[in-house]
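The values are calculated or read from the model by the stated rules, or taken from the named source; none is laboratory data. In this text the structure is predicted, and so the values were computed from the model without any measurement. With ideal geometry, Cβ positions are generated from the backbone for all residues, glycine too; neighbour counts draw on all protein chains shown.
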Amino acid sequence: MHERTIAELAHGLRAGEFSAVEVTEAFLRRIEALDGRLNSFITVTAERALEQARAADERLRRGGGGPLTGVPVAHKDIFCTDGVRTSCASRMLDSFVAPYDATVVERLRDAGAVMLGKTNMDEFAMGSSNETSFYGPVRNPWDTERVPGGSSGGSAAAVAARLVPGATGTDTGGSIRQPAALCGITGLKPTYGRVSRWGMIAFASSLDQGGPMARTAEDVALLLGAMAGFDPRDSTSVDRPVPDYAAELARPLRGLRVGLPREYFGEGLEAGVREAVEAAVRVLESEGAEVREISLPTTPLAVPAYYVVAPAEASSNLARYDGVRYGYRCEDPRDLEDLYMRTRGEGFGAEVKRRILVGTYTLSAGYYDAYYLKAQKVRRLIRDDFVRAFEEVDVIAGPTSPTTAFRLGERLDDPVTMYLSDVYTIAANLAGLPALSMPVGFAGGLPVGMQLIGRHFEEGRLLNVAHQYQLATDWHRAAPPGFE
Ligand code: GLN
């Protein structure tokens with residue numbers, strides 16, 4: 001059962017080969033048996049899942065439902081889930097039970113998907129290794145001594161290990177794409193505004209975007225179709241029709257113009273990663289794509305601009321965790337100030353505190369112009385680079401991450417090296433562009449991901465390219481040893 005993709009499960013459910021309850025039970029058993037090795041789930045909602053599965057079976061019996069009816073999914077624990085703990089992997093929200101569903105959760109539920117549980121992540125989505133979680137690190141199923149990437153590391157590891165066929169993630173600077181790359185799955189960060197942020201716990205609001213993670217581009221297309229769309233409850237949600245992503249997959253690649261940014265193949269890129277990405281580019285060429293070198297000269301500015309803008313927004317968003325309204329509260333506060341200080345001191349982990357300190361500093365009087373305003377101007381230049389590049393090419397391709405999965409603990413005391421894990425992914429967030437990562441081979445036995453960046457709202461194009469690549473290759477079918 002567990003080796004089936006979402007598309008295959010949907011087909012079998014409709015054909016009556018198995019029931020949604022059988023599918024759900026099979027995946028729940030797998031989580032029970034194998035997640036001890038990975039720690040990819042924070043909460044497993046078995047009873048609710050079986051209830052939803054029974055409802056899905058009923059719908060299918062009556063000939064209703066859509067392609068996701070009866071298909072199991074997991075949600076990153078950053079999405080609010082009605083009546084279920086929503087922790088954001090922080091001690092601060094360890095006891096928080098959300099009183100409503102996030103729009104993404106609601107839409108997937110309405111589409112008939114069965115929620116198996118909530119996946120582990122970096123605390124408040126701050127990290128690239130899933131090591132900052134209050135619930136302990138997630139391990140990479142390809143090598144359990146290594147990180148799965150972050151911050152959506154639980155979703156990526158669970159999908160790669162076939163504990164669930166698809167999952168949600170969020171991507172503020174690479175948190176869907178980088179763990180997808182390090183775990184050998186397919187993940188998409190949609191255009192900013194394409195997927196509602198309502199009920200998605202805020203990290204950096206102008207960058208955060210939820211998106212799907214699965215093994216194949218076809219499955220990602222099915223999930224995105226259900227997740228995307230206008231939501232009046234999110235003021236940055238864009239009112240624009242959702243295309244039929246699955247229908248766009250079949251388009252041949254003949255004539256597609258692919259740009260390879262010179263800056264994405266320079267210093268710091270591991271040789272094995274480069275070779276796998278170059279081989280993938282040759283596959284696209286053999287499918288009829290025209291490949292040319294392009295330049296994105298502002299590339300070196302993306303990480304520094306992001307680490308001003310993201311912490312600034314985080315420091316503001318995280319001000320709400322004050323011990324008064326919900327979440328963690330310190331014991332016996334002496335007075336209000338003591339309540340604030342001890343609640344936040346005890347409730348947040350080290351990386352979250354680092355971001356709040358940096359953000360508060362860059363927004364403070366006297367430094368605002370020098371840092372925050374400057375970073376916003378740089379952000380505009382980065383966006384302009386892409387606008388220019390997309391006059392020449394249809395998609396931009398390159399590595400997702402400069403290295404394969406690194407060892408647990410290896411970068412924990414070195415924030416700058418950790419931050420550089422996202423050197424190729426961050427610019428797409430700053431520019432609001434859709435971007436996808438797909439598996440394109442292995443280096444030293446570890447998965448390598450290739451990133452495809454597209455024009456605003458051209459998710460369908462990215463999924464189309466990834467699907468055509470996956471028709472010509474088998475990398476997306478590889479299973480981690482011990483998790484086949
Ligand atoms: N790794 C980046 C950070 O730590 C991006 C995180 C994300 O996309 N949520 O901020």
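Tabulated data
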item: Check on ALA302, within 16 Å of the ligand (Cβ to nearest atom), touching a residue at least 60 places away in the same chain (Cβ under 8 Å) and small (Gly, Ala, Ser); result: yes
item: Test result for LEU433, under 23 Å from VAL303 (Cβ atoms), touching a residue at least 60 places away in the same chain (Cβ under 8 Å) and in contact with a helix residue (DSSP H, G or I) (Cβ under 7 Å, 6 or more places away or on another chain); result: yes
item: Which numbered condition THR403 fails, given (1) more than 13 Å from the ligand (Cβ to nearest atom); (2) under 21 Å from ARG257 (Cα atoms); (3) polar (S, T, N, Q); result: (2)
item: Yes/no for ALA181 being within 16 Å of the ligand (Cβ to nearest atom), under 15 Å from the mean Cα position of the chain (by Cα), farther than 16 Å from ALA478 by Cβ and crowded, with 24+ Cβ neighbours inside 10 Å; result: no
item: Residue satisfying condition, being within 22 Å of the chain's Cα centre (by Cα) and within 20 Å of THR400 (Cα to Cα), within set PRO304, PRO297, PRO311; result: PRO304
item: Count - residues of segment 254-279 that are out of contact with any Gly (no Cβ under 9 Å at 6 or more places or on another chain), among the small types (Gly, Ala, Ser) and assigned to a loop (DSSP other than H, G, I, E, B); result: 2
item: Some residue of segment 95-104 being closer than 25 Å to THR343 by Cα, among the acidic types (Asp, Glu), more than 16 Å from the ligand (Cβ to nearest atom) and not in a helix (DSSP H, G or I); result: no
item: Matching option when the condition is closer than 20 Å to LEU452 by Cα, surrounded by fewer than 24 Cβ atoms within 10 Å (Cβ to Cβ) and aliphatic (A, V, I, L, M), among ALA226, ALA247; result: ALA247
item: Candidates GLY174, GLY153 - the one that is out of contact with any Asp or Glu (no Cβ under 6 Å at 6 or more places or on another chain) and within 12 Å of the ligand (Cβ to nearest atom); result: GLY153
item: Matching residues in segment 34-60 - criterion: being in a helix (DSSP H, G or I) and within 26 Å of SER95 (Cα to Cα); result: LEU34, ASP35, GLY36, ARG37, ALA46, GLU47, ARG48, ALA49, LEU50, GLU51, GLN52
item: Selected residue (criterion: nearest to the chain's Cα centre (by Cα)) from residues of segment 327-343 that are part of a helix (DSSP H, G or I) and not hydrophobic (A, V, I, L, M, F, W, C); result: THR343
item: Residues satisfying the stated conditions in segment 414-439, i.e. part of a helix (DSSP H, G or I), at pLDDT 95 or above and not hydrophobic (A, V, I, L, M, F, W, C); result: ASN429
item: Unique match (being touching an Asp or Glu at 6+ places or on another chain (Cβ under 8 Å), part of a helix (DSSP H, G or I), buried (at least 21 other Cβ atoms within 10 Å of the Cβ) and modelled with pLDDT of 95 or more) among VAL308, VAL352; result: VAL352
item: Failed item, numbered, when SER205 is tested on (1) within 16 Å of the ligand (Cβ to nearest atom); (2) out of contact with any helix residue (DSSP H, G or I) (no Cβ under 6 Å at 6 or more places or on another chain); result: (2)
item: Count of segment 132-141 residues which are within 11 Å of the ligand (Cβ to nearest atom) and among the charged types (D, E, K, R); result: 0
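Per-residue answers, yes or no, for (1) over 22 Å from the mean Cα position of the chain (by Cα); (2) assigned to a helix (DSSP H, G or I); (3) surrounded by 20 or more Cβ atoms within 10 Å (Cβ to Cβ); (4) among the hydrophobic types (A, V, I, L, M, F, W, C):
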residue: ALA370; (1), (2), (3), (4): yes, yes, no, yes
residue: ALA375; (1), (2), (3), (4): yes, yes, yes, yes
residue: ARG379; (1), (2), (3), (4): no, yes, yes, no
residue: ASP385; (1), (2), (3), (4): yes, yes, yes, no
residue: ALA389; (1), (2), (3), (4): yes, yes, no, yes
residue: ALA397; (1), (2), (3), (4): no, no, yes, yes
residue: THR404; (1), (2), (3), (4): no, no, yes, no
residue: GLY409; (1), (2), (3), (4): no, no, no, no
residue: LEU412; (1), (2), (3), (4): no, no, no, yes
